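Peer 1: Below: one structure in structure tokens.
Each reported figure results from applying straightforward, stated rules to the coordinates on display, with no laboratory input. Please read these numbers as outputs of a predicted model, since none were measured by experiment. Counting neighbours? That spans all protein chains shown, and the Cβs are built from the backbone with ideal geometry, glycine included.
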Protein chains: 2
Amino acid sequence: MEKELLAKLETPCVVIDMAQVKKNIADMQAIADASGCALRPHIKTHKMLSLAKLQMAAGCKGFTCAKVSEAEVMIEAGCDDIFIAYPLVGEFRIRRALEVQKKLKRFILAVDSMESAKPLSDAAVAAGTVFEVRMEIDTGLKRTGVTRDKYLQLAKEIAALPGLNMTGIYTFRGLVLHDEATTDNAAAAKEEGELMAAMANELRAAGIPIVDVSAGSTPTGALLAQTGLVTEVRPGTYIFNDYMIMKENNIGLENVAARVYATVVSTPEEGYAVIDGGVKTFPMDGKLDQPPYYFHGYAVVPGDDNLCLQRMNEEHGMITARNGHTGLKVGQLLELVPLHVCPTINLQNEVWLYEDGTLRKEKVAARGCLV
Amino acid sequence: MEKELLAKLETPCVVIDMAQVKKNIADMQAIADASGCALRPHIKTHKMLSLAKLQMAAGCKGFTCAKVSEAEVMIEAGCDDIFIAYPLVGEFRIRRALEVQKKLKRFILAVDSMESAKPLSDAAVAAGTVFEVRMEIDTGLKRTGVTRDKYLQLAKEIAALPGLNMTGIYTFRGLVLHDEATTDNAAAAKEEGELMAAMANELRAAGIPIVDVSAGSTPTGALLAQTGLVTEVRPGTYIFNDYMIMKENNIGLENVAARVYATVVSTPEEGYAVIDGGVKTFPMDGKLDQPPYYFHGYAVVPGDDNLCLQRMNEEHGMITARNGHTGLKVGQLLELVPLHVCPTINLQNEVWLYEDGTLRKEKVAARGCLV
């Protein structure tokens, strides 16, 4: 970025390189298109209307959201096909989902138990409508999703509910069960696809007409699309990428479209410097169940393996030096790549979009959408 | 809270018990007043205008902010005396500080190096004004603050700058250097106060007229005020309290004014259940340099030692059971006390204030104020 623009930044702030965003969007779309696999990007990463519009313009099938409130916001971008990849539980949420359904061409909800499916079906019947749903399957991550020993029975029970039309199954698996240092992502993608395809076939054999088999996040999404084993992939992080994806997908900095800029505010000792961003700027989550030091801190400095964001308080970030000398000066602007970009964006009210030598502000429209 | 009100909540959400907030504010103010010690609450915990007004009505001396953007927001609450307890670095920030200064009766900034002090002095001189400043001292935490071997020399240099009027010193120490299971908070407060009083006296002996000696956060604030060793305390978390303070201050749930409500969305196994809040609802930071499992997870369930929030993804929170049986049902509303309430509030656009049998919404006005 131009020096004049860097000098105008008030830190901490996030700057998005739009040329790289467009390349990331185009590359993933091209792979999906060439594979005949639907691409349904997850908007939880960017939460911004203008970026959703770019994904639509590139030809994505529709969007994935985590929450009904995110779907409400994405309708403003002109989205007409949304899948909420999260078991929809709670009368308050079902009520909002019924309203969202009226505004979309296609709306798909998720269920992973009869306890979640039955109230959804009842509400649809009462409203004189039907909800299209997919059943979530836990393929090893141990969060939501029906376990593999129970999915056939559950699918039969869901299929019998009058207010639901079960058209697919989905999972989130990523590389979370793997060690990214040794994992063959293509093998992981094939494993994920084979698991899902086998279950879809078993359900079809049981008389349940599964159409959509959806899986794949950024670590396996592009590879999974090319296997032909699934009908849809749902990557989110690929639009920006981050330090976690650099490690997991073995890609370089040139693929990362998001940067956090921070200012060095204090250099009390040679071995560490303090920047003006802590946990209210950089989230602490990495891989599920992995301690953060599994990675090289909470953020890295592009082109400088000596430095990393090692410790944080709310507004203090401690940049430590492997060699004991940070070399940083008070007032210096520092460019960082966060470990996990999705919750990083969620901490911002707005971000800067950089394109063609200019910066423009964009509201993080679905920031804080939790319901 | 009344069942009818609980049934109206859309989760995840934060509910603040205003009766307890008022008691927490009054108790801390009473201790400060009785001790003749100024109370300057840190607003980073609540970030809300109506709560700042309550603290003013109770008689607080002024406010502490972490960022100039927080100060800008707090002016809207009618605050006229603000201390930004963070080294003010960056031309963009100094420019905003000059504007804030025009709107306040008293405005105090922080410096911890000549690299931060000199540009501040230069800007004040250029604007025809003087900034009142305090020098931050690192009393062991290793984040910002001049180290104890250098503070005397730095104080002399700062005192000689034409644009700054150094009236005080401050530190943040908390109980961070201690193991809360064995620490005597009163002894920790005395140690903190004695350190700061000794340095203030040494500075005075060197001809630097230190007036304000400011220290103390929620773990030591009330005890430190009573020692007579400092002139001001700056607790923030005390307005709500949280699970970390319950452990550090050995206080009970009845002192905690903030709750997160979440809904159980999935119970795939007996040993864990999933709630509709992950790291976008519950922050992961605890004590600096301490792994989170130092505590009993990222949130606890009041009155239920069996359950805790043990693992998280962005929107998934895994509640695990010590005895292997959560007993939780899909759709169930769960009340939680977060490990660290300050960044929890910062993740919300608005929270519910509960008082006299009613709920009203309050905007988290300074949420996301990072500059």
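Peer 1: Would you kindly work out, in nm and rounded to one decimal, the distances from the label point of residue A:23 to those of the same position in each other copy, ordered shortest first, with label points 7 Å along Cα-to-Cβ?
Peer 2: 6.0
Peer 1: Okay, moving on. Which whole number gives the average count of other chain Cβ atoms within 10 Å of the Cβ atoms across peptide A:335-348? Walk me through the numbers on the way to the answer.
Peer 2: Values: counts 0, 0, 0, 0, 0, 2, 0, 4, 8, 0, 0, 5, 8, 2.
If you average over the peptide's residues, the count of other-chain Cβ atoms is 2.
Peer 1: Per 10 Å bin, what is the whole-percent P(r) computed from every C-alpha pair distance within chain B?
Peer 2: Pair shares across the bins are 5, 23, 31, 24, 12, 4, 1.
Peer 1: Further question: Considering only DSSP beta bridges with both partners in the protein assembly as shown, what is the antiparallel share in %, to the nearest 5?
Peer 2: Numbers: 60 of 118 bridges.
Of the beta bridges lying entirely in the protein assembly as shown, close to 50 percent run antiparallel.
Peer 1: What shape does region A:1-93 take by its C-alpha gyration tensor, where a ≥ b ≥ c are the square roots of the eigenvalues and a/c under 1.5 counts as rounded, a/b above b/c as prolate, and the rest as oblate? All intermediate terms of the calculation are to be shown ahead of the outcome.
Peer 2: Values: a/c = 2.78, a/b = 1.36, b/c = 2.05.
In terms of gyration-tensor shape, oblate.
Peer 1: Related question: Which lysines have a Cα less than 21 Å from the Cα of residue B:156, not counting those fewer than 8 places away in the same chain?
Peer 2: In chain and number order, the partners are B:118.
Peer 1: Same structure, new question: When only C-alpha pairs under 8 Å and at least 6 residues apart count, what is the relative contact order of region A:1-151, in percent?
Peer 2: Values: 182 pairs, mean separation 21.7, N = 151.
After rounding, I find 14 percent.
Peer 1: Taking chain A as a Gaussian network, where each spring joins two C-alpha atoms under 10 Å apart, which residue of A:241, A:346, A:250 fluctuates the most?
Peer 2: Between A:241, A:346, A:250, it is A:250 that shows the largest mean-square fluctuation.
Peer 1: Under the convention of a label 7 Å out along Cα→Cβ, give the distances in nm from residue B:102 to the same position in every other copy, shortest first.
Peer 2: 4.9
Peer 1: Also, quick follow-up: Using only atoms on other chains, find how many Cβ atoms lie within 10 Å of each Cβ of peptide A:311-321 and report the average. Don't jump to the answer; show the numbers that get you there.
Peer 2: Working: counts 4, 4, 12, 11, 9, 8, 1, 5, 0, 0, 0.
Partner-chain Cβ atoms within 10 Å, mean over residues of A:311-321: 5.
Peer 1: Turning to a different aspect of this structure: Just tell me which lysines come within less than 22 Å, Cα to Cα, of residue B:53; anything on the same chain fewer than 8 places away is out.
Peer 2: Once the sequence-local lysines are set aside, what remains near residue B:53 is B:22, B:23, B:44, B:61, B:67, B:102, B:103, B:105, B:361, B:363.
Peer 1: Same structure, new question: Please average, across the residues of B:239-251, the number of beta carbons from any other chain that are within 10 Å of each residue's own beta carbon, and give a whole number.
Peer 2: The mean count of partner-chain Cβ atoms within 10 Å per residue comes to 0.
Peer 1: While we're looking at this one, here's another question. How high is the FRET efficiency between residue B:250 and residue A:34 when r is their beta carbon distance and R₀ equals 60 Å, given to the nearest 0.05? The partial results should precede the final answer.
Peer 2: Details: r = 63 Å, r/R0 = 1.04.
Calculated transfer efficiency: 0.45.
Peer 1: Can you show me the helix-derived [θ] at 222 nm for chain B, built from DSSP H runs with n ≥ 4 at -39,500 (n - 2.57) apiece and divided by the number of residues, rounded to the nearest 500. Don't skip to the end; give the middle numbers.
Peer 2: Working: 11 runs with 117 residues, N = 371.
Taking each H run of at least 4 residues, the total per residue is -9500 deg cm²/dmol.
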